Amino acid sequence: MSPSERRLQKELMSLMKEPPPGVTVDGDQASQNLTLWTIHMEGVPGTLYEGEKFELQFKFTNKYPFDSPEVTFIGNNIPVHPHVYSNGHICLSILTDDWSPALSVQSVCLSIVSMLSSCKEKKRPPDNSFYVKTCNKNPKKTKWWYHDDSV
Amino acid sequence: MHLLCTICSDLLNQTENIIVIKCGHLFHYHCIKQWISRSKSCPQCRINVTERCIFRLYPTISNDVTVEDVTTLQSRLDDLQLQLRQEKTKCKEKDNQIKEFILNMKKIEDSLQSSEKKLVEKTSAVIALKDQLKYVQIQNKEVHKLKSENEALNKYVKTSTELNKVLNACYDEVEKMIQDYDDIRTLATFATALKRALCDSEKKKNHYRDQGHLLKQKLASEKARVETLQSNLDHMMSLNVTLTSHDVPKLSKFESRAEPEIADSFKREVVAPVPLVNSIEKSDSPYLSLKQSSLPLTALQRRPNQQLLDKNLKPSEFALFNSIKTTCQNFKEQEKESIFHKKEKPDVNLLKENVTDMNTSYDGLGGHSKLDIFPKPSTSNMTRIPKLSAKHKLKRPNSQDISELPINKYFKKI
């Protein structure tokens, strides 16, 4: 068993055992294929996304945790957020440049939940249509320009 | 106390290489080394890290094995659970594989059964085909036999046709054909056939020659007889003339006497040729040209509109036609009896008629006015008619023609 799988297995176990509030992992799918996880997320009560349900997809390489996972929103409901593009790509620094092996799926989920929760106005990123037309399928290939550090 | 490496989330054991960064965070050496090759920062506090500010730790941990704390047990449990999960998944996979194998087995068994069935069918078919093959072979042998027979027959037919050619074709053709031939046997057969044909033709030739001689002799004898008869006839004629000129009243008496004489003489004449007639008819002498020339004449005779035609004819044509007619009629009688026999009887009648005619002519010589004399010969004719045979009855309507016969003319001239 490779170190990446070992770590992913441990993370899956802990996530299933002690999930953060509003976050559940599709354990069967993840245990079938450890490199592709689907995580269900609920809008935190008291925020703009209260009552909404989102789906997050995590893709891992065999260099995890040194390589960051590829995280995107999937499904019918993609949150309308200034850092979330309509194709599900998320503009979040810890997913690319600020990734650290000390981070985990749980911490990434918490970051996204906090990102959504801190949103004050539901709107798409200003360059949404252009980006969606021109971007690569893999969000990690995008050279992100983190223009807003507030959220 | 249990320490965790945040990079691999495993426990830090004293047996492993444990390092500390200047910020105080602990990692496995191999973990932090991999990370530093990518980013020279602490994974936990993002402080700048260089190779120089990494230090190895050598902790001393009590070897109290009896005391097992909860965290190690928990981690072990986690590991075991993880292993269990993995094993379960493997088991599932294996189960699925087994199911697939079973399905495949079933399919293979089915296919095996079907193929066995097919095999049985094929074997039966093969047996049937073998039988057919045997039958065909037998037939083939028969066909070969027939072929050889056919070839032999063809050869036979060829040789026979060529033999035919040799026998019937003209000299040059046969010469060419024989030159083209190489086979000695066929040539020999040709030669023998030709020899045989030659012998046959020689025999025939001899036979015909003999026949010719015989016929010639017969002809000579006939000629002699004819001459004698002619002389006889002449003699009779002269006698007749003298008789008529000198003693007319005696004629009636003479008639009765002369008749049998003449009849006798003619009888002799008639009797003599009869045996010859047949031989002449059968022979190929040119004297029998009458027979051949009669063919168109008979055709003319058969025409039903003959009488109508006669009326439309010119006098010259009519005479010609009439002469043809008479010959035809003569020939009719010839067919029934013979040429000679036929010729005689009208002569006999004519003689009598002529005698009466002579009578009138003698009386008249310009005695046409004496009409009372004419009935006499007619009555005599009438009286004679019942005596005549049925054959002569048929001839009656043509009595005018008889008056035109050459002999009659001859008498008139005299």
- Among what's in the stretch A:66-85 and is without any contact (Cβ under 8 Å) to a residue 60 or more places away in the chain and within 14 Å of chain B (Cβ to nearest Cβ), pick the residue that is surrounded by the most Cβ atoms within 10 Å (Cβ to Cβ). A:Phe66
- Query: What are the residues in the stretch A:100-132 that are under 25 Å from B:Pro43 (Cβ atoms) and in a helix (DSSP H, G or I), if any?
  - Reply: A:Val105, A:Gln106, A:Ser107, A:Val108, A:Cys109, A:Leu110, A:Ser111, A:Ile112, A:Val113, A:Ser114, A:Met115
- Query: Considering only residues of the stretch B:44-61 that are in a strand (DSSP E or B) and open to solvent by 100 Å² or more (accessible area, probe 1.4 Å), which is nearest to the other protein chains (Cβ to nearest Cβ)?
  - Reply: B:Asn48
- Task: Taking only the stretch B:26-43 into account, find how many residues are facing another protein chain (nearest Cβ under 8 Å), in a helix (DSSP H, G or I) and open to solvent by less than 90 Å² (accessible area, probe 1.4 Å).
- Result: 2
- Task: Tell me which residues, restricted to the stretch A:54-65, are among the polar types (S, T, N, Q) and within 14 Å of chain B (Cβ to nearest Cβ).
- Result: A:Thr61, A:Asn62
- Query: For the stretch A:107-114, does any single residue satisfy the condition of being touching a residue at least 12 places away in the same chain (Cβ under 8 Å), more than 14 Å from every other protein chain (Cβ to nearest Cβ), polar (S, T, N, Q) and under 28 Å from B:Phe27 (Cβ atoms)?
  - Reply: yes
- Is it true that some residue in the stretch A:2-15 is touching a helix residue (DSSP H, G or I) at 6+ places or on another chain (Cβ under 7 Å) and assigned to a loop (DSSP other than H, G, I, E, B)? no
- Looking at A:Leu92, A:Leu103, which one is within 14 Å of chain B (Cβ to nearest Cβ), free of Cβ contacts under 8 Å to residues at least 60 places away in the same chain and surrounded by 17 or more Cβ atoms within 10 Å (Cβ to Cβ)? A:Leu103
- Task: Inspect the stretch B:16-25 for any residue being modelled with pLDDT under 85, assigned to a loop (DSSP other than H, G, I, E, B) and away from chain A (no Cβ under 14 Å) and give the result as yes or no.
- Result: no
- May I ask you to verify whether B:Gln83 is polar (S, T, N, Q), open to solvent by 80 Å² or more (accessible area, probe 1.4 Å), assigned to a helix (DSSP H, G or I) and within 14 Å of chain A (Cβ to nearest Cβ)? yes
- Message: Return the pair list, or none, for Cβ contacts closer than 7 Å from residues in the stretch B:220-240 that are open to solvent by less than 60 Å² (accessible area, probe 1.4 Å) to residues that are in a helix (DSSP H, G or I), at least 6 apart or on different chains.
- Response: B:Glu222/B:Leu276; B:Leu229/B:Glu269
- Of the candidates B:Thr6, B:Thr72, the one satisfying the condition of being away from chain A (no Cβ under 14 Å) and of a type in the set (Ser, Thr, Tyr) is B:Thr72
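The values are calculated or read from the model by the stated rules, or taken from the named source; none is laboratory data. In this text the structure is predicted, and so the values were computed from the model without any measurement. We place every Cβ from the backbone using ideal geometry, glycine too, and count neighbours over all the protein chains shown. When the accessible area is computed, the model is the full protein with side chains, heavy atoms only, and any ligands, DNA or RNA have been set aside. Shrake-Rupley method; radii C 1.70, N 1.55, O 1.52, S 1.80 Å.
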